[in-house]
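The values are calculated or read from the model by the stated rules, or taken from the named source; none is laboratory data. On a predicted model such as this, the values are computed, not experimentally measured, just so you know. Neighbour counts run over all protein chains shown; Cβ positions are idealised from the backbone, glycine included. Quick note on the areas: whole protein, heavy atoms, side chains included, nothing else; ligands and nucleic acids left out. Shrake-Rupley method; radii C 1.70, N 1.55, O 1.52, S 1.80 Å.
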Amino acid sequence: MKSIGTKFPTVFTVYIIILAIRVASAQQTVTCTSRRSSCFLTRMRCPAECPLRTPTNPKAKACFVDCNKCEVFCRARKPSCNGLGSGCYDPRFIGGDGVVFYFHGKRDNHYALVSDSAIQINARFIGLRPEGRTRDFTWIQALGLIFGSHTFTVEAKRAETWVETQDHLSFTFDGTPFQLQEGHLSNWNSSDNAFLVERTEKVNGVMITVNGVAEISVSAVPVTEQDDRIHKYNLPKDDCFAHLEVQFRFFGLSDVVEGVLGKTYRPDYESTAKRGVEMPVVGGADKYEITSLLSSDCQSCFFSPGDVADT
């Protein structure tokens with residue numbers, strides 16, 4: 001009996017060690033690629049709750065690294081309209097300071113969302129103005145990025161009716177359209193590895209990565225019949241107003257970053273949005289209006305082209 005009693009703890013301990021090794025080996029590592037971070041190029045192991053950077057289940061949470069806090073965390077790869085850095089609906093933003101605000105631009109116009117030394121992110125608005133209204137209802141239809149010597153666009157394609165199984169996204173890189181194969185986890189990257197687009201769903205969802213600068217979650221969605229009825233948009237029957245829901249994560253923005261959303265990441269920023277009202281509106285359309293999806297000519301823009309890898 002004595003020999004059995006001494007062997008059991010040893011066998012049990014070995015089992016626990018083997019189990020721990022298997023769990024640890026299943027956890028991938030992520031690396032901070034922001035040169036401005038104190039943990040630049042540091043590898044960190046993903047937590048057991050989200051062991052993979054790109055899980056095969058599109059609904060599972062993925063592992064991300066926060067280069068500002070130098071820690072890993074779990075988050076869905078689809079945009080969260082209630083999360084920091086999001087832009088959804090007509091459009092409603094949640095700034096880097098956590099404050100919710102609405103931005104009322106004009107349909108068919110372009111606005112600078114972020115303008116910093118390393119990146120310019122613009123948006124094209126679509127919309128309509130029912131009779132009797134004093135302003136347009138608007139949605140983000142496209143994003144345009146300028147970084148280093150590159151440009152990129154992603155657009156929600158116009159659709160008369162929404163079909164869930166059809167892809168409503170289109171892309172260009174450096175002015176050339178490219179196809180992103182349908183299917184969760186299919187991806188496309190630039191030849192210099194500075195840029196990556198990954199599917200987060202079979203269709204209509206992607207994660208965009210500008211290496212060391214930003215990650216952008218994007219989903220293409222329609223204006224639903226329910227939303228049309230509740231908000232009295234009076235949508236035409238031949239257009240479901242396909243648009244984008246987006247969420248941004250930035251790495252090492254400067255203290256003087258500008259843009260409709262970018263300015264909310266400044267350490268000295270004080271929001272002008274009124275607290276406690278149903279639609280807290282922040283102005284600035286005149287300051288952030290630009291001439292095209294891939295320009296940086298707004299009054300407050302100061303993007304300067306350069307090597308993204310050196311930022």
Lysine pairs meeting the criterion (Cα under 17 Å, 8 or more apart or interchain), as found in the chain: 10
Per residue accessible area of the chain, 1.4 Å probe, in Å²: 51 Å²
Gained length - Ser170 relative to Arg133, 0.36 nm times residue gap less alpha-carbon distance: 10.1 nm
Cα centroid of segment 174-242 to Cα centroid of segment 95-130, whole Å: 16 Å
Pairwise FRET efficiency - Lys237 versus Asp268, Cβ, R0 = 41 Å, nearest 0.05: 0.25
Probe 1.4 Å, all protein chains present, accessible-area order of Thr153, Thr165, Thr209, largest first: Thr165, Thr209, Thr153
Pairwise FRET efficiency - Asn82 versus Ala159, Cβ, R0 = 30 Å, nearest 0.05: 0.70
With eigenvalues of the C-alpha gyration tensor scaled by 5 and rooted, segment 40-184, Å: 30, 20, 18
Candidates Val277, Val221, Val246, ranked by Gaussian network fluctuation over the chain, Cα under 10 Å, top entry: Val277
Counted charge near Lys157, where neighbours are those whose Cβ lies closer than 12 Å (Asp, Glu -1; Lys, Arg +1): -3
Farthest positive-ward along the chain dipole, Cα basis, beta-carbon charges - from Gly95, Cys74, Ala285: Cys74
Modelled FRET efficiency - R0 25 Å, Met44 with Ser117, Cβ distances, 0.05 increments: 0.40
The chain: calculated mean residue ellipticity at 222 nm from DSSP helix runs of at least 4, using -39500 (n - 2.57): -3500 deg cm²/dmol
Solvent exposure ordering (accessible area, 1.4 Å, most first) of Thr172, Thr272: Thr272, Thr172
Residue with peak Gaussian network fluctuation, the chain [Cα springs, cutoff 10 Å], from Glu289, Glu160, Glu245: Glu160
Full-stretch length increase - Glu225, Arg92 - with 0.36 nm per residue and alpha-carbon distance subtracted: 46.0 nm
Whole-percent pair-distance distribution, where bins are 10 Å wide, for the alpha carbons of segment 182-255: 17, 35, 26, 18, 4
Between helix 2-26 and the chain: long-axis angle, C-alpha atoms, 0 to 90°, nearest 10: 20 degrees
Virtual spin-label span in nm between Phe302 and Ser190, 7 Å along Cα→Cβ: 2.3 nm
For segment 98-150, alpha-carbon Rg over 2.2 N^0.38 Å: 1.37
Over 30 Å [Cα-Cα, the chain], rounded percent: 37 percent
Listed residue (Leu169, Ala48, Leu128) projecting farthest to the positive dipole end of the chain, Cβ model: Ala48
Gln181-Thr291 pseudo-label distance in nm [points 7 Å out on the Cα-to-Cβ vector]: 4.1 nm
Where no second cysteine Cβ lies under 4.7 Å, the cysteines concerned in the chain: Cys240
Carbon plus sulfur fraction of accessible area for segment 222-311, probe 1.4 Å, in percent: 47 percent
